[in-house]
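The values are calculated or read from the model by the stated rules, or taken from the named source; none is laboratory data. Just so we're clear, the structure is a prediction, and the values are computed from it rather than from any experiment. Methodologically, a virtual Cβ is constructed for each residue, glycine included, from the backbone with ideal geometry; neighbour enumeration extends over all protein chains shown.
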Amino acid sequence: MPLLESGENYLEAILILSNKQSEIHAIDIVNLLNFSKPSVSIMLKKLKDSGYISIDKNSHIQLTIQGKNVAEKIYERHTYLTDFLIKIGVDSSTAEEDACKIEHDLSDKSFQAIKQLIDKL
């Protein structure tokens, strides 16, 4: 099942949380993304059913290998695109917002070209 932008955002959020804390619960995602508890519950069920996350008996959320691969790809794009926009003069707040919009739709070929350019700067 193809993953939509909203699902990618959840996986990225779980990755970010996992870099800060050892245990992740739905409420952590609610607080980070500022979404309602029911919305988060629905998406977590979809991600679990699709094999992107696992949820243990204590309600701890973890990325599966498949989920981690997607999350790392999106997070790398977000980081590079934010950095790129800041380097060309966009303020950090706008750069963060715009990177979030661009990261999901940009082709791998275009992203690699931008990444190479940023690495040269």
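Quick check on the stretch 109-119. Is at least one of its residues surrounded by 15 or more Cβ atoms within 10 Å (Cβ to Cβ) and under 18 Å from LEU3 (Cβ atoms)? Yes, the stretch 109-119 contains a residue that is surrounded by 15 or more Cβ atoms within 10 Å (Cβ to Cβ) and under 18 Å from LEU3 (Cβ atoms).
Look at the stretch 93-121: where a residue is in a loop (DSSP other than H, G, I, E, B) and a partner is surrounded by 12 or more Cβ atoms within 10 Å (Cβ to Cβ), sitting 6+ places away or on another chain with Cβ atoms under 7 Å, you get GLU103/ILE74; GLU103/ARG77; GLU103/HIS78; GLU103/LEU81; HIS104/GLU5; HIS104/GLU8; LEU106/ARG77; LEU121/LYS87. Across the stretch 8-28, a minimum of one residue is classified as within 15 Å of VAL70 (Cβ to Cβ) and of a type in the set (Gly, Ala, Ser). Listed by first and then second residue, the pairs linking a residue in the stretch 64-90 that is at pLDDT 95 or above to a residue that is surrounded by fewer than 14 Cβ atoms within 10 Å (Cβ to Cβ) and assigned to a loop (DSSP other than H, G, I, E, B), with Cβ atoms under 6 Å apart and 6 or more places separating them unless they lie on different chains, are THR64/GLY51; GLN66/GLY51.
When the stretch 6-35 is filtered for residues that are within 14 Å of GLU72 (Cα to Cα) and either of a type in the set (D, E, K, R) or free of Cβ contacts under 8 Å to residues at least 24 places away in the same chain (or both), the ones remaining, listed by number, are GLU8, GLU12, ALA13, LEU17, ASN19.
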